[in-house]
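Read the structure below first, then the notes.
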Amino acid sequence: MSTTLLRVDAPVDAPRTADPAATSTPPLPRLVALPPTPRSVPAWRRDHLATTAWALMANTGVTSLLGLVFWAAASAIYTPAELGASAALISAMMLLSVISQLDLAMGISRLLPQFFTRRWRPVLGAYGVAAAVGAGVTAAFVLVAPRLFPAFDFLTHFGALGLLLILAVVLWNVFALQDAVLASARWAAVIPLENGVFGVLKIGLMVVLAHRVGGQGIFVGWVIAMGITLVPVNSLIFAKVLRSRRSRRSRRSRIDPSPPENAAPVSPVSPVSVSPSPENPSAVDPVSVLPISNRAGVARYLAADYAAGLLNQGYTAVLPLLVLAVLGRGPNGYFYIVFMVSGAVRAIAQSMSTSLVIEGSHHEARVASMARLSVVRFAKYALPGIVALGLGANLLLKPFGAAYEHNGATLLRLFLVAALPHAVITIYLSLERVQARVNRVLAVEALIVVLVTVGAVVGMRRYGLVGVGVAWLAAHTVVAAIVAPGFLRACRQNDA
């Protein structure tokens, strides 16, 4: 990043004085530091909207691949009972984490770009709140769950497992929040590397602990791998990531931009079109629609978005349970594999959505053009892949067996087609989050929950698994049609 230096001399028409001492020595020229120009930085590095989205998509690919290897190895090494117990603990850990994070990950993504100094304070605060709430919620679960759900009675037989579950939820909360910090600080490229190391560690520890820790090597290895990964990542965050804006501002402040005392006022080159960034932290951005000084507004924002997040997580988690209750375990197995495979496609839109929230929070005045660009990029890069996967749905499911191919190919095609209206909804919700209209986000998520759950139950009873896919596609198509007019109006707006 280069900095332009402007030579400033006394003007020709400066007032003259009779004092010879005032005119005998001309003032020395000074160098005034202008805002740095980004021309020396490659274009792909300046496109934070794209680099963040690609990094998050790469992270999805890395975690999906290593997750497949992890569970394949676990099924070969551990007994079904041991695997089932650890899988239940990991599922409980993730559910309790979603509940106890209080949507602080989205809060970090939306609000951290407004902090330019002491950025470690809100991050530490978020860590502390998520850890405390996670410990309390999980402690209550450990005490109550064995009495309500016999499947968790092993928590009472092995007391250390309950404590380990509490620790796991605390660590997982911090693990999720650190990814939000990296993404919002434009260090998203670290996320796939971090999760890749975590994935390899948990596979290795799961193998090493196979005949130890009472058959709980899967869960114990997962927790230890988390603890190991958190240390270097958070060292990087607090030593470099959260100090980058302040340190760069300090380096720029070493150049004295003040003109000579006897020089006439010089009109500076105003960076009115430049928003604050790590490269130019002193630029002035328009007032945020969600200023951090408005604590009541921030609290309302986080509360509404937390409820919306629970609804979003809820209907995706409940759907397999509905299939299990209505159609049984066999069809649920086919459904679960298809739902997970199609989830990788939905993650593309989710990555673009997260990137839009982050970059829109950095530059709120340009969020409309960013939303348009996100739609264009989804159509350009994701749409051809969705078409190809739809045509090859049978081949995609063939490795899982002939039964999965026969029962899941049509369902997979329906989910892939639904990825298009799902992407429209997801990008629209990100736009509303940046503009702090979270009540609309909550209303849209509530409508999707009702349409998907009711439609899935009705569809399953008449058409089996295909009915679930039809309900999913219909629900997202209806909601996309409802939000489309407002989304188009917002995207047509000119940047401020």
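If we scan the stretch 423-444, do we find a residue that is assigned to a helix (DSSP H, G or I), acidic (Asp, Glu) and under 26 Å from the mean Cα position of the chain (by Cα)?
The answer is yes, given that some residue of the stretch 423-444 is assigned to a helix (DSSP H, G or I), acidic (Asp, Glu) and under 26 Å from the mean Cα position of the chain (by Cα).
May I ask you to verify whether Ser75 is at pLDDT below 80 and among the small types (Gly, Ala, Ser)? If you could, list the steps in order and put the result at the bottom.
Numbers: at pLDDT below 80: yes; among the small types (Gly, Ala, Ser): yes.
Yes, satisfied.
How about the stretch 121-214: which helices (runs of 4 or more DSSP H) wholly inside it have at least 3 residues that are surrounded by 15 or more Cβ atoms within 10 Å (Cβ to Cβ), more than 19 Å from the chain's Cα centre (by Cα) and at negative phi? Spell out how you get there, then give the answer.
Numbers: elements: 154-157, 159-184, 190-208.
By residue number, 159-184, 190-208.
Kindly provide the set of residues from the stretch 331-387 that are under 15 Å from His422 (Cβ atoms) and among the polar types (S, T, N, Q), ordered by number.
Once the filter is applied, which keeps residues that are under 15 Å from His422 (Cβ atoms) and among the polar types (S, T, N, Q), the stretch 331-387 yields Ser342, Gln350, Ser351, Ser353, Thr354, Ser374.
List pairs: first residue in the stretch 338-352 and under 15 Å from Trp472 (Cα atoms), second residue modelled with pLDDT of 85 or more and of a type in the set (S, T, N, Q) anywhere in the structure, Cβ distance under 9 angstrom, at least six positions apart or on different chains.
Close Cβ pairs satisfying both conditions: Val338/Asn407; Arg346/Thr426.
Touching a residue at least 24 places away in the same chain (Cβ under 8 Å), more than 16 Å from Ala53 (Cβ to Cβ), buried (at least 18 other Cβ atoms within 10 Å of the Cβ) and not aromatic (Phe, Trp, Tyr): is that true of Glu359 in this structure? Quick ask: steps written out before the conclusion?
Details: touching a residue at least 24 places away in the same chain (Cβ under 8 Å): yes; more than 16 Å from Ala53 (Cβ to Cβ): no; buried (at least 18 other Cβ atoms within 10 Å of the Cβ): yes; not aromatic (Phe, Trp, Tyr): yes.
Spelling it out, it is not the case that Glu359 is touching a residue at least 24 places away in the same chain (Cβ under 8 Å), more than 16 Å from Ala53 (Cβ to Cβ), buried (at least 18 other Cβ atoms within 10 Å of the Cβ) and not aromatic (Phe, Trp, Tyr).
Across the stretch 363-397, what is the number of residues that are closer than 17 Å to Glu432 by Cβ, in a helix (DSSP H, G or I) and of a type outside the set (A, V, I, L, M, F, W, C)?
Of the residues in the stretch 363-397, 5 are closer than 17 Å to Glu432 by Cβ, in a helix (DSSP H, G or I) and of a type outside the set (A, V, I, L, M, F, W, C).
Test Ser97 against the stated conditions and say whether it is of a type in the set (Ser, Thr, Tyr) and modelled with pLDDT under 80.
The answer is no for Ser97.
Inspect all residues belonging to the stretch 93-107 and state whether any of them is exposed (fewer than 13 other Cβ atoms within 10 Å of the Cβ) and more than 18 Å from the chain's Cα centre (by Cα).
First pass over the stretch 93-107, keeping only residues exposed (fewer than 13 other Cβ atoms within 10 Å of the Cβ): none.
Scanning the stretch 93-107, I find no residue that is exposed (fewer than 13 other Cβ atoms within 10 Å of the Cβ) and more than 18 Å from the chain's Cα centre (by Cα), so the answer is no.
Results for (1) of a type in the set (Gly, Ala, Ser); (2) assigned by TED's automatic domain parsing to the domain that holds Arg110; (3) closer than 22 Å to Gly330 by Cβ, shown as yes or no for each residue.
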site	(1), (2), (3)
Val449	no, no, no
Met460	no, no, yes
Ala471	yes, no, yes
Arg489	no, no, no
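Right, Leu310: modelled with pLDDT of 85 or more, part of a helix (DSSP H, G or I), farther than 26 Å from Pro421 by Cβ and touching a helix residue (DSSP H, G or I) at 6+ places or on another chain (Cβ under 8 Å) or not? Lay out the reasoning, then the answer.
Details: modelled with pLDDT of 85 or more: yes; part of a helix (DSSP H, G or I): yes; farther than 26 Å from Pro421 by Cβ: no; touching a helix residue (DSSP H, G or I) at 6+ places or on another chain (Cβ under 8 Å): yes.
So Leu310 fails the test.
Spot the failing condition for Leu397; the list is (1) touching a residue at least 12 places away in the same chain (Cβ under 8 Å); (2) surrounded by fewer than 18 Cβ atoms within 10 Å (Cβ to Cβ), and only one is missed.
It fails just one condition, (2).
Yes/no matrix, rows are residues, columns are (1) more than 27 Å from Tyr334 (Cα to Cα); (2) charged (D, E, K, R); (3) crowded, with 22+ Cβ neighbours inside 10 Å:
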site: Ala418; (1), (2), (3): no, no, yes
site: Ser430; (1), (2), (3): yes, no, yes
site: Asn439; (1), (2), (3): yes, no, no
site: Thr453; (1), (2), (3): no, no, no
site: His476; (1), (2), (3): no, no, yes
site: Pro485; (1), (2), (3): yes, no, no
site: Arg492; (1), (2), (3): yes, yes, no
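Report the residue count in the stretch 310-336 for those that are in contact (Cβ under 8 Å) with a residue 40 or more places away in the chain and touching a Phe, Trp or Tyr at 6+ places or on another chain (Cβ under 6 Å).
2
Kindly provide the set of residues from the stretch 189-239 that are of a type in the set (Ser, Thr, Tyr) and touching a residue at least 40 places away in the same chain (Cβ under 8 Å), ordered by number.
Selection gives Thr229 alone.
The values are calculated or read from the model by the stated rules, or taken from the named source; none is laboratory data. The structure displayed is predicted, hence computed values, not measured ones. No Cβ is skipped: glycine too gets one built from the backbone with ideal geometry, and neighbour counts run over all protein chains shown.
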